[in-house]
Amino acid sequence: MKIAILSRNRNLYSTRRLVEAAEAKGHEAQVLDTLKCYMDISSARPSVHYKGEELPAFDAVIPRIGASITFYGTAVLRQFEMMGAYPLSESVAISRSRDKLRSLQILSRTDIGLPKTGFASSPDSTKDLMALVGGAPLVVKLLEGTQGRGVVLAETPKAAESLIDAFRELNANFLVQQFIKEAGGSDIRAFVIGEKVVASMQRSAKEGEFRSNLHRGGTASLVKLTKEERAAAVQATRKLGLNVAGVDLLRSNQGPLLMEVNSSPGLEGIEKATGKDVAALIIEFIEKNAKPHRTRTRGKG
């Protein structure tokens, strides 16, 4: 198969591992800088061009689209879908998962546990908004934040009110969420491929930090998931329409609570913590499922 990997940097661990896994199984893998792709969208024969040349047809596309280029990245992926390439995860599903508010609203219609979450515009609603999530301490999250950026813990009512008002002054879109104290600065990353959790790890925050992201100095270790945690991870991935996802869960007194579904989960932390060849599992999934024009949305928005 000819496989395109959309990635800004071919030297990133995840990109390198996907290339290695594809080539080890006899496939041709080409890394394309997403922002250097451009499209002919007015023709009856859609195409993607790269560095002055029209790209050949690909059997499959693996999107490694960073949050900062979601709009353009999903447009490029959508063009490949229109050309018949099989997307590892579809453009519509990626857009859905990147919108924290939209994804939580979709998942709230399931039986998946979610932390109490509020969203408001008017400054008149600040106190009631805080009450909706159980009051301080609470967490304020920028909708556009990734890897723990734009996530702030407000430990007192006064601090929470000041923080919310400050975010409003910046015209920022944000969520207010219940703080799960019993999680102790740890969360679970479940790596889902298709209908199965193929690997899982526990991420623990460094001392003095409540965010467990590995990019912020957190540590990762192998963890065994409960039946409920596995079911929640698979259901969330399916509900958002993704084929591959990193699902972040908190262990709480209320059972597992879903924090976020990542449509381009990194491979380094999960492979090193579990010893599993997740990249190879992704390529195997593509081998079993890649067929021309096999998209639920057929490239439509």
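Laboratory data are not the source of any read-out in this text; all were calculated from the coordinates shown. Quick caveat, the model's predicted, so the values are computed rather than measured. Counting neighbours? That spans all protein chains shown, and the Cβs are built from the backbone with ideal geometry, glycine included.
Details
- Per residue, the average separation of C-alpha pairs within less than 8 Å and at least 6 apart gives region 117-179 a relative contact order of 45 percent.
- Relative contact order (%) - the chain, alpha-carbon pairs under 8 angstrom, separation at least six: 19 percent
- J(HN,Hα) series, region 227-239, from Karplus relation 6.51 cos²θ - 1.76 cosθ + 1.60, nearest Hz, glycine and proline x: 4, 5, 5, 4, 4, 5, 5, 5, 5, 5, 4, 5, 4
- Electrostatic tally near SER263: other residues with Cβ closer than 9 Å to its Cβ, Lys and Arg +1, Asp and Glu -1, net +2.
- Between the listed residues MET130, ASN173, ALA199, the Cα displaced farthest toward the positive end of the dipole of region 72-212, a dipole computed from Cβ unit charges relative to the Cα centre, is found at ALA199.
- Percentage, to the nearest whole number, of Cα pairs in region 1-108 over 24 Å apart: 24 percent
- Scanning residues 5 or more positions from LEU6 or on other chains, those with amide H under 5 Å from its amide H are LEU32, ILE62, ARG64, with H placed 1.01 Å from N in the peptide plane.
- Taking amide H as placed 1.01 Å from N in the peptide plane, ILE112 has no amide H partner under 5 Å among residues 5 or more places away or on another chain.
- Acute angle (nearest 10 degrees) that the helix 157-169 long axis makes with the longest principal axis of the chain, alpha-carbon atoms: 40 degrees
- Counted charge near ASP40, where neighbours are those whose Cβ lies closer than 14 Å (Asp, Glu -1; Lys, Arg +1): 0
- Between PHE174 and LEU143, the built amide H atoms are under 5 Å apart, and every one of these is 5 or more places off in sequence or on another chain.
- Helix 70-82 axis versus longest C-alpha principal axis of the chain: approximately 40°, rounded to the nearest ten.
- Applied to region 177-184, the Karplus parametrisation 6.51 cos²θ - 1.76 cosθ + 1.60 on θ = phi - 60° returns per-residue 3J(HN,Hα) values of 10, 4, 8, 9, 4, 5, 5, x Hz, with x for Gly and Pro.
- The angle separating the long axis of helix 13-24 from the principal Cα axis of greatest extent in the chain is about 30 degrees.
- Projected onto their three principal axes, the Cα atoms of region 40-91 cover extents of 29, 20, 19 Å, largest first.
- Dipole size of the chain about its Cα centre, with +1 on Lys/Arg Cβ and -1 on Asp/Glu Cβ: approximately 440 debye, rounded to the nearest 20.
- Projecting label points 7 angstrom from Cα along Cα→Cβ for LYS25 and ASP124 puts them 5.7 nm apart.
- Quotient of C-alpha Rg and 2.2 N^0.38 Å, computed over region 117-179: 0.97
- Relative to the 2.2 N^0.38 Å rule of thumb, region 65-110 has a C-alpha radius of gyration ratio of 1.24.
- Cα centroids of region 72-151 and region 1-68: 26 Å apart.
- Given charges at beta-carbon only (K, R positive; D, E negative), |dipole| of region 1-93 in Debye: 280 debye
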